[in-house]
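Some notes on the structure that comes next.
The values are calculated or read from the model by the stated rules, or taken from the named source; none is laboratory data. The structure presented is a predicted model; accordingly, all values stated were derived computationally and were not measured. A quick note on method: Cβ atoms are made from the backbone with ideal geometry, for glycine too, and the neighbour counts reach across all protein chains shown.
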């Protein structure tokens, strides 16, 4: 048992990239077994987002003040071929 510990310790010091890649690689299958039961027990599903914006139940006020000035009329006819 001591020789296994020494080998792991030596590998961690001499070749840390290989050591940590083995640790992370071994964590995947372990998490595949451990995580789903924990998630089923403690996970709370958030409520669904609304599909539409709630429309207020009141009379709508018309917008005022966003009209173009009269001298701009017809100046930017996009897509009509005028330049």
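Screening 19, 51 for residues that are surrounded by 10 or more Cβ atoms within 10 Å (Cβ to Cβ) and modelled with pLDDT of 85 or more leaves exactly one candidate, 19.
Condition test on residue 40, is it in a helix (DSSP H, G or I), without any contact (Cβ under 8 Å) to a residue 60 or more places away in the chain and surrounded by 10 or more Cβ atoms within 10 Å (Cβ to Cβ)? When the stated conditions are applied, residue 40 does not pass them.
Is it the case that some residue within the range 1-11 is over 25 Å from the mean Cα position of the chain (by Cα), loosely packed, with under 10 Cβ neighbours inside 10 Å and not in a helix (DSSP H, G or I)?
Taking the range 1-11 as the starting set, the residues that turn out to be over 25 Å from the mean Cα position of the chain (by Cα) are 1-11.
Add one more test, that the residue is loosely packed, with under 10 Cβ neighbours inside 10 Å, and what stays is 1-5.
Those left that are additionally not in a helix (DSSP H, G or I): 1.
Looking through the range 1-11, at least one residue is over 25 Å from the mean Cα position of the chain (by Cα), loosely packed, with under 10 Cβ neighbours inside 10 Å and not in a helix (DSSP H, G or I).
Is it fair to say residue 67 is modelled with pLDDT of 90 or more, surrounded by fewer than 10 Cβ atoms within 10 Å (Cβ to Cβ) and not in a helix (DSSP H, G or I)? Talk me through it step by step, then tell me what you get.
Values: modelled with pLDDT of 90 or more: no; surrounded by fewer than 10 Cβ atoms within 10 Å (Cβ to Cβ): yes; not in a helix (DSSP H, G or I): yes.
Against the criterion (modelled with pLDDT of 90 or more, surrounded by fewer than 10 Cβ atoms within 10 Å (Cβ to Cβ) and not in a helix (DSSP H, G or I)), residue 67 does not qualify.
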